[in-house]
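I have placed the structure first, in the form of structure tokens, so that the comments after it can refer back to it.
The values are calculated or read from the model by the stated rules, or taken from the named source; none is laboratory data. Quick caveat: nothing in here was measured; it's all calculated off a predicted structure. Neighbour counts run over all protein chains shown; Cβ positions are idealised from the backbone, glycine included.
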Amino acid sequence: MKILIVSRSFYPHNSPRSFRTAELAKELSSKGHDVTVYIPSSEFDYSDFIREHPMVIKYFNTYSLGRKITGISLIDRVIYHYEKWLINSEYLKTMLELEKTICVEKDYDLLITIAVPHYIHWAVGRLYEKGYKIATTWVADCGDSYMKCRTMANRPPFYFKPLEKRWCRFCDYITVPLESEKENYYPEFVEKIRVIPQGFNFDEVGEYVASKKNDIIVFAYAGSFIPRIRDPRPLMEYLLNCKKDFRFVIYSTTLNLIQPYKEKFGDKLEIREPIPRLELIRKLRECDFLINIDNGAAKGMPSKLIDYSLVGRPILSITSSNIDTKMIDSFLCRDYTEQFIVEDISRYDIHNVAQQFIDLCK
């Protein structure tokens, strides 16, 4: 089968969408399919990757505003906000560039476009409207919807609605990782939605082997933070008053919410740069338990919890809006009775996930 995958995120980038794209491409290639992947222009040398996982990698250009607000000028902030949110010029320019780049592609059996960002779907939607049908079956894969995304600080302006409706109208299927995501799409397209969870290569991580417990309890969090949604501050405030000795290790690039606590916690808090996924799993296995902060947006299985489950350590899952202090105290005393358990982990095996995409092909 001839398959085209278009995504902004790919190996070696660390993100759920990158893992989604790379693991899917690798598995489809291993099954003998003819796989082509379009990703943003990159200086990374994929020679070794392609030798191990035969596929064709092509590139498209992306655009950014090229600056960030560092001062306090009100005019600068208004202009930046206007460009970033009201116009979203980065998305629109990249959409046009991607449309121009992939319009030469045709005769594929299966096209998989992976968002976020949604300009991936927008570009293909514009092509299909013009009569450029790239594949027999087009599957638009989404982590979140665009217009009704629950984790965005500001909802997109109403005039982006036609862009979303266009690709929903022309694609054959919309795939989402969670059943609850269906309610975030326009009712007329719900019949196209199929639930396909995040896929993981279980063979890469191996089984967890119990080791000697740490002298002081060590727990960790890996991932991003979002103010008021996936917000670490309620947990940090509670831990500040905790008399028990511990070490909290955080792997993240979004440091603005936790950096103010570094001096207050001293050696109890360790902030680290993100590391490659397999290396991270090995590091997390050295901890006593892991922290998950539920964003409250949907009841389902975020990719973080699957990786945490593969780590093999107990999971403390809390919500930032209403943290369970009794459960936190229990975990700090090594009582994991209320740990979060991932049910039916085989659903997330990349072998099964890739087959679900193949089964959608007409």
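Of note:
- From Lys243, Lys264, residue being assigned by TED's automatic domain parsing to the domain that holds Thr325, outside any helix (DSSP H, G or I) and exposed (fewer than 14 other Cβ atoms within 10 Å of the Cβ): Lys243
- Within the set Ile323, Ile291, Ile306, the sole residue that is in a strand (DSSP E or B) and either more than 17 Å from Ser224 (Cα to Cα) or touching a strand residue (DSSP E or B) at 6+ places or on another chain (Cβ under 6 Å) (or both) turns out to be Ile291.
- Residue count, segment 267-288 (criterion: outside any helix (DSSP H, G or I), without any contact (Cβ under 8 Å) to a residue 24 or more places away in the chain and surrounded by fewer than 15 Cβ atoms within 10 Å (Cβ to Cβ)): 3
- Scanning segment 93-119 for residues that are within 28 Å of Gln356 (Cβ to Cβ) and of a type in the set (A, V, I, L, M) yields Met95, Leu98, Ile102, Leu110, Leu111, Ile112, Ile114, Ala115, Val116.
- Residue among Val176, Val139 that is in contact (Cβ under 8 Å) with a residue 40 or more places away in the chain and not acidic (Asp, Glu): Val139
- Leading residue by the ranking (surrounded by the most Cβ atoms within 10 Å (Cβ to Cβ)) among those in segment 188-240 that are hydroxyl-bearing (Ser, Thr, Tyr) and within 26 Å of the chain's Cα centre (by Cα): Tyr221
- From the list Thr113, Thr36, Thr70, the one residue that fits, being modelled with pLDDT of 85 or more, out of contact with any Leu (no Cβ under 6 Å at 6 or more places or on another chain) and of a type outside the set (A, V, I, L, M, F, W, C), is Thr113.
- Checking each residue in segment 142-173 for being among the basic types (Lys, Arg), free of Cβ contacts under 8 Å to residues at least 24 places away in the same chain and part of a loop (DSSP other than H, G, I, E, B) picks out only Arg155.
- Within segment 1-34, the residues that satisfy the criterion of being in contact with a strand residue (DSSP E or B) (Cβ under 8 Å, 6 or more places away or on another chain), farther than 20 Å from Ala123 by Cα and not in a helix (DSSP H, G or I) are Met1, Lys2, His33, Asp34.
- Some residue of segment 332-341 being outside any helix (DSSP H, G or I), β-branched (Val, Ile, Thr), under 23 Å from Pro234 (Cα atoms) and over 23 Å from the mean Cα position of the chain (by Cα): yes
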